[in-house]
Amino acid sequence: MSINVKNNVDWVGKIDWELRKFHGDEYSTHRGSTYNAYLIKEEKVALVETVWAPFAKEFVANLAGEIDLKKIDYVIANHAESDHSGALPELMQHIPDTPIYCTKNGVKSLKGHYHQDWNFNVVKTGDRLSLGKKELIFVEAPMLHWPDTMFCYLTQDNILFSNDAFGQHYATEYMFNDLVDQSELFEECLKYYANILTPFSPMVIKKIKEVLSFNLPLDIICTSHGVIWRDKPEQIVEKYLEWANDYQENQITIIYDTMWNGTRLMAQQIAAGIKDADNEVNVKLFNLAKSDKNDVITEVFKSKAILVGSPTINRGVLVSVAGTLEEIKGLKFKNKKAAAFGCYGWSGESVKIISGILEESGFDVINEGLKVMWNPDDESITKCTEFGKQIARL
Ligand code: FEO
């Protein structure tokens, strides 16, 4: 199966409708994903990317139906992560001497993954590869999101092959941005940015400005996951610039776990206090034991402030809270306020622990947090409401 993208460029990837977890168990993919590979058949033939290893045989068989594999002159490996390079070992058995174009770090990563001495050709930003009348221009994009990542651009067809950037984990048979449900599409784009690209936001801004400074016409962005942006491709570039610039909405997100309902009750009362003081703000509550971690992270990304609650257990915090905080710490959110809360029975360390992690994670921790002994009584309920009002004012 192939899908024509434009002129001699065809999509030859794999739609993975069943995928529900990516990066092991790290990222939820409610709508599956796609691994996009592209075949460019000019005077010279180039294959851009492959697919994830479980689909390697299927991919190579499909590719062989599109072209005699020996006619592939160049393989372009924009990124060595297994979801894009996983079919290389299978493919290279058929065409062992075909040159693979990648960055210097790409060679290291590909060798690290597959321990093969393939015919690597290192490229740098500005290097060009002639396909006949058209050329591929390479642009290194380190840490978007791996050290080896690069983009490439096909002249005359004005196509940017952007690898993970501008992608989404979104399985669809339509494959083009103008054909799919727009709210589903942008929900997945935002989740992808929030969970994968947030720590690299300064590099996102720098790289987009650099690519724009080349003044190359842009008709299509061929990502490596999800849809191909053929209708106003600049719209996702503009969204990335907006998201990379410490994005926030008028939202406060309360995330917590609870043992015997005390911390849940606190969360609800704090939310009521916030709404009392500011009826405009969008307050959302998530019990972390019952919520999808990556969906919660997306809500954190959208928030101007977060409140994190856990009761104290064994002088620590509940594991769902600890795990989410670990994830939040790695994502290096900026320009967000935070505070902690939680119930306790005797030692009561949870609020201090949460505040410390939030501070270490780059949040502006706005107060010492709120501790309540045992289940909240009327006096504590009032304190929670006041705490919420104070948060809203701050
Ligand atoms: Fe889609 Fe970084 O791999």
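The values are calculated or read from the model by the stated rules, or taken from the named source; none is laboratory data. Fair warning: this is a prediction, and the values are worked out from it, not measured in the lab. Please note: Cβ atoms are built from the backbone with ideal geometry, for glycine as well, and neighbour counts cover all protein chains shown.
Looking across F341, F301, F286, one residue alone is among the hydrophobic types (A, V, I, L, M, F, W, C), buried (at least 16 other Cβ atoms within 10 Å of the Cβ), touching a Gly at 6+ places or on another chain (Cβ under 7 Å) and modelled with pLDDT of 95 or more. It is F341. Residue count for the stretch 291-319 satisfying the condition of being farther than 21 Å from E249 by Cβ and either within 15 Å of the chain's Cα centre (by Cα) or of a type outside the set (A, V, I, L, M, F, W, C) (or both): 7. Here is the figure for the stretch 127-154: residues that are touching a residue at least 40 places away in the same chain (Cβ under 8 Å) and either assigned to a loop (DSSP other than H, G, I, E, B) or within 16 Å of the ligand (Cβ to nearest atom) (or both) total 16.
For the structure I just gave you, tell me whether T223 is within 21 Å of the chain's Cα centre (by Cα), closer than 30 Å to I159 by Cα and crowded, with 17+ Cβ neighbours inside 10 Å. Yes: the conditions hold for T223. Scanning the stretch 14-45 for residues that are buried (at least 23 other Cβ atoms within 10 Å of the Cβ), more than 18 Å from Y193 (Cβ to Cβ) and of a type in the set (G, A, S) yields a total of 1.
Filtering the stretch 259-279 for residues that are farther than 30 Å from V12 by Cα, part of a loop (DSSP other than H, G, I, E, B) and among the hydroxyl-bearing types (S, T, Y) leaves an empty set.
Restricted to helices (runs of 4 or more DSSP H) entirely inside the stretch 296-394, those with at least 2 residues that are more than 27 Å from D25 (Cβ to Cβ) are 350-360, 378-393.
The conditions of being crowded, with 22+ Cβ neighbours inside 10 Å and within 13 Å of the ligand (Cβ to nearest atom) are met by Y192. Among the residues examined, V180 does not qualify as at pLDDT 95 or above, under 17 Å from the mean Cα position of the chain (by Cα) and buried (at least 16 other Cβ atoms within 10 Å of the Cβ).
Do we find that V321 is surrounded by 15 or more Cβ atoms within 10 Å (Cβ to Cβ), in contact with a helix residue (DSSP H, G or I) (Cβ under 8 Å, 6 or more places away or on another chain) and in contact (Cβ under 8 Å) with a residue 60 or more places away in the chain in this structure? When the stated conditions are applied, V321 passes them. The set of residues in the stretch 289-298 being hydroxyl-bearing (S, T, Y) and either surrounded by 20 or more Cβ atoms within 10 Å (Cβ to Cβ) or in contact with a Lys or Arg (Cβ under 8 Å, 6 or more places away or on another chain) (or both) consists of T298 alone.
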